[in-house]
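Please read the structure below before turning to the comments.
Nothing in this text is a laboratory measurement; each read-out follows from the coordinates by a stated rule. Note that the coordinates shown come from a computational prediction; the quantities given were computed from them, not determined experimentally. Every residue, glycine among them, receives a Cβ derived from its backbone with ideal geometry; neighbour counts consider all protein chains shown.
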Amino acid sequence: MHFVLFDVAVELGLPGGTLWLALTIAPLIVVWRRRALWRHSLWWLTLSAALVALTVIGCFDYYPWLLQPGRLLQWGAWGLWAAALPPPRLAEAVSGQPLAVSLSTHGLGSD
């Protein structure tokens, strides 16, 4: 069986499999939500494409899960991608929409 989610769930249990799936899908959600930045940051777009490719490979082959070079490649890609992630202020400036709701708008903080 080469569907890694099943392998992860067998090795770590249902909570571990769920956490692995959430951590694998979370960067893809961020990439999609910040798609307005794709034309402004070629480096981030390139790393995002590499992360998507590794995610697809990781779903059907155990290489990023089982073998040390695959784990280094996966964690290295996640680290480089996170380091290249544009700051929220740039994302707001490009998209024209705030990414987070301020607490002061709801009377909860003194921002």
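The table that follows gives values for the structure above.
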{"quantity": "In Hz, Karplus ³J(HN,Hα) per residue of segment 27-39 (6.51, -1.76, 1.60; θ = phi - 60°; x = Gly, Pro)", "calculated": "x, 5, 5, 5, 4, 5, 5, 9, 5, 5, 7, 4, 7"}
{"quantity": "Surrounding net charge for residue 48, when Lys and Arg each add one and Asp and Glu each subtract one, Cβ distance under 11 Å", "calculated": "+2"}
